[in-house]
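Taken together, the values in this text are just the output of simple stated rules run on the coordinates, not laboratory data. Since we're looking at a predicted model, the values are computed, not measured. Glycine gets a Cβ as well: all are built from the backbone with ideal geometry, and neighbour counts include every protein chain shown.
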């Protein structure tokens, strides 16, 4: 944890349509943040090769240029920390990870690829940091270039998170070819949006308690543009700030009727409309109108905080800077892991025993055999809790099933690379060690493969120490003899009369991977043996 009273942080949102950066000064004594600079480029990263689905070279070049400008601007403000997140365009492209590694190598910005659910959660955090929910449920709608996030939430937690592949850029590219849009395309567009939004909206309704009427909140560029146009038509100008402005569904319906009748050039001439936004506003407006209609929302209130601000709040939470009404969110990772464990009927008593041994090894060997930090410790703990979840499918090859279930679980609070890491650590708790011929593992850069190798080796030891799954061993004490490269594991049994023979046998079988990887010899003794000798 940083100790100064203030620090500067830059948050970069790499979306399908635009790259946004916000630079803030965080006052850790309050805690609160003040925005000191913003940057935005419309890069259309979601422009993809129709044959391969890859991000195009031109889109990548535009994005790299934008990110270099972001880095230069952040450096000019002496920013201490840069956090970056990529969303649907990068998630879906086969070369999305290659783009991420290129940014890290060429520019020095580490990008976290986040799932749609995690994107929705961070949007919720951003909105909650800027609005008072007053103990009422709120439906948050965020229309991006590639996806639309719909969240049902209250002041304590999100009740439902969703991310659906209907975005303003995506639908413009895939469903609109006429200008102005012809009646057939419009009818199909509306039907398509309704079909795609049906499941998440039904779930929102199901999660509402009897008698509850949610308030609607809209975020991000498409909705801000629509609300801004409404403000010009109603007030004669766009309020500054726009935060808190309310647009009725009736006004939106009238606006959509007008927008679909205009050509691109006529849309550009509208007050409050930019050239780039005019290209995609019809699809975006249809998405919002259909969502509000299906949810029976009479109006929507704009919130100028969204994903970027949510990234900042999440950073503050993970660094222990928030202890007020958002404090419930600090344990989101742990709660999410337990939720998945219960879903797949994991024996939590056994999982927690293994996790205790794994993090005990991690802590005692820190600075001795490894230099991993708190973040890796959390990934190891998560993998240890979930390592056996694959038994839910079948005991045969359950380590492989565990990988699949974890990789496709809705683990909140984690980035995609962190989920991939957890899944791989669990995958290699038994049987084969990580190999380059394994696709999921081989696609990762060297530093991530090293992390998986070492943490999964620790997990193998931890699993061996509870072979009977009865908690036979209470604790372990590690002593490293550097001269002879020996790691002494002193095992303390729960029952002093138990010689833990099966655990020792299994440890002898499982320790080889650890010994080869860390270049040590493990010598294990049970405390009762030490006493009797």
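The length gained by stretching the chain between residue 498 and residue 410 to full extension, at 0.36 nm per residue less their Cα-Cα distance, is 27.6 nm.
Summarising the label geometry, the points placed 7 Å from Cα in the beta-carbon direction at residue 505 and residue 159 lie 5.4 nm from one another.
Each DSSP beta bridge with both residues in the chain is either parallel or antiparallel, and the antiparallel ones are about 65%. For the pair region 373-424 and region 203-261, the centres of their Cα atoms are 40 angstrom apart.
Computed from the C-beta positions of residue 78 and residue 104, the FRET efficiency with R₀ = 22 Å rounds to 0.55. Give me D for region 5-101 in µm² s⁻¹, whole number, from Stokes-Einstein with Rh from the Kirkwood sum over alpha-carbon pairs, 37 °C and 0.692 mPa s. Reported coefficient: 232 µm²/s. Length gained on full extension, residue 213 to residue 343, computed as 0.36 nm times the residue gap minus the Cα-Cα distance: 43.8 nm. By the Stokes-Einstein formula, at 0.692 mPa s and 37 °C, region 333-532 with its Kirkwood radius over alpha-carbon pairs has D equal to 194 µm²/s. Modelled spin labels at residue 261 and residue 37, positioned 7 Å past Cα toward Cβ, are 4.5 nm from each other.
Per-peptide packing, taken as the mean over residues of other Cβ atoms within 10 Å, places 496-504, 50-58 in the sequence 496-504, 50-58 from highest down. Model label sites at residue 6 and residue 135, defined 7 Å from Cα along the beta-carbon direction, differ in position by 3.7 nm.
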